[in-house]
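All remarks here apply to the structure that follows.
The values are calculated or read from the model by the stated rules, or taken from the named source; none is laboratory data. Everything numeric here is computed off the predicted structure, so don't read it as measured data. Don't worry about glycine lacking a Cβ; one is built from the backbone with ideal geometry, like all the others, and counts go over all protein chains shown. With ligands, DNA and RNA removed, areas are computed over all heavy atoms of the protein, side chains included. Shrake-Rupley method; radii C 1.70, N 1.55, O 1.52, S 1.80 Å.
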Amino acid sequence: MKPIADRTAWLKGGDARCETTPPRPTRTMRLVLLGAPGVGKGTQAELLCARLGTCHLSTGDIFRAAKTSARTEQTPALAQALECMRRGELVADATMLGILRERLRCLQCHGGFLLDGFPRTAAQANALETVLKAEGLALDCVLDYELNLEHIVARLSGRRTCPRCNAVFHLTTKPPRVEDTCDLCNATLHQREDDRPESIRVRMQAYRQSTEPLVEFYRERGLLMLISAEGSPEEICERTLAGLGGL
Ligand code: AMP
């Protein structure tokens with residue numbers, strides 16, 4: 001599925017501009033996706049963005065895009081962030097907030113946004129709240145996807161991603177048309193380094209410690225919507241849209 005916008009501004013930051021921007025939707029949605037690694041946030045983000053006309057703002061995708069760029073383009077902070085990512089650890093809040101500040105334009109975009117992978121800590125959630133308030137913007141909803149651990153491990157171990165365009169596939173639930181080959185750009189698919197068992201363990205721990213408390217943070221603000229992440233990606237997407245329709 002082709003993304004609605006090319007996301008250059010988000011992936012590169014700074015002065016970079018998107019070549020294609022989303023058309024103005026009937027309703028501009030500003031959403032945050034929460035959920036443990038492996039619940040399928042990336043896949044849902046793609047499906048939801050295509051349906052809602054919003055842009056998929058994934059912080060993990062920023063790092064994955066930076067990984068393939070020339071070493072000389074990587075600042076020391078970015079190189080350190082990539083090392084954290086390889087181990088499955090969270091990148092420092094200061095780095096993440098710098099990354100967000102550089103991409104304020106994406107939060108202001110008329111197409112709205114779907115934040116995936118940010119915020120992941122209380123400091124990031126507070127910073128996002130402050131930034132949005134200063135811009136006169138508000139979140140419409142925080143979608144929290146829930147799935148049991150057994151399903152999560154199955155999803156992570158079958159996941160394959162495209163190193164060129166970041167498209168996400170799954171060996172059983174969303175196989176590529178041609179084995180090991182990206183449907184969108186024909187690059188050879190690979191397994192993310194952080195989908196290896198030792199990194200998965202670290203990521204789950206980071207989620208429990210740092211990100212799970214955000215569920216309460218957003219519940220208190222009346223923004224939280226719990227969604228079961230069981231079933232096919234399309235079923236989960238329909239469930240989500242039904243929930244959002246009731247807002
Ligand atoms: P994701 O694709 O969202 O699972 O992100 C992949 C990795 O990038 C994470 O395991 C972290 O190492 C790093 N990362 C992405 N977003 C954040 C964030 N908001 N805070 C800290 N680290 C992050």
Residue within the stretch 52-72 that is open to solvent by 50 Å² or more (accessible area, probe 1.4 Å), of a type in the set (Val, Ile, Thr) and within 15 Å of the ligand (Cβ to nearest atom) present: yes
Residue list for the stretch 88-117, filter: among the charged types (D, E, K, R) and open to solvent by 20 Å² or more (accessible area, probe 1.4 Å): Glu89, Asp93, Arg101, Glu102, Arg105
Extreme residue, nearest to the ligand (Cβ to nearest atom), among residues of the stretch 108-132 that are among the aliphatic types (A, V, I, L, M) and under 14 Å from the mean Cα position of the chain (by Cα): Leu115
Single unsatisfied condition, Glu46 versus (1) open to solvent by less than 20 Å² (accessible area, probe 1.4 Å); (2) within 23 Å of Glu238 (Cβ to Cβ); (3) assigned to a helix (DSSP H, G or I): (1)
Some residue of the stretch 214-225 being open to solvent by less than 30 Å² (accessible area, probe 1.4 Å) and either modelled with pLDDT under 95 or touching a Lys or Arg at 6+ places or on another chain (Cβ under 6 Å) (or both): no
Which numbered condition Asp6 fails, given (1) touching a residue at least 24 places away in the same chain (Cβ under 8 Å); (2) more than 12 Å from the ligand (Cβ to nearest atom); (3) open to solvent by 30 Å² or more (accessible area, probe 1.4 Å): (1)
Any hit, the stretch 143-158, residues being within 16 Å of the ligand (Cβ to nearest atom), surrounded by 19 or more Cβ atoms within 10 Å (Cβ to Cβ) and basic (Lys, Arg): yes
Index of the failed condition, Glu46 passing every other in (1) acidic (Asp, Glu); (2) within 27 Å of Leu241 (Cα to Cα); (3) within 8 Å of the ligand (Cβ to nearest atom): (3)
Within the stretch 118-131, considering residues that are in contact (Cβ under 8 Å) with a residue 40 or more places away in the chain and open to solvent by 10 Å² or more (accessible area, probe 1.4 Å), the one nearest to Pro25 (Cα to Cα): Arg120
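Taking Ala77, is it over 18 Å from the mean Cα position of the chain (by Cα), within 16 Å of the ligand (Cβ to nearest atom) and open to solvent by less than 70 Å² (accessible area, probe 1.4 Å)?
yes
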Any hit, the stretch 135-142, residues being at pLDDT 95 or above, open to solvent by less than 50 Å² (accessible area, probe 1.4 Å) and over 16 Å from Leu33 (Cα atoms): yes
Residue tally, condition out of contact with any Pro (no Cβ under 9 Å at 6 or more places or on another chain) and within 14 Å of the ligand (Cβ to nearest atom), over the stretch 180-211: 12
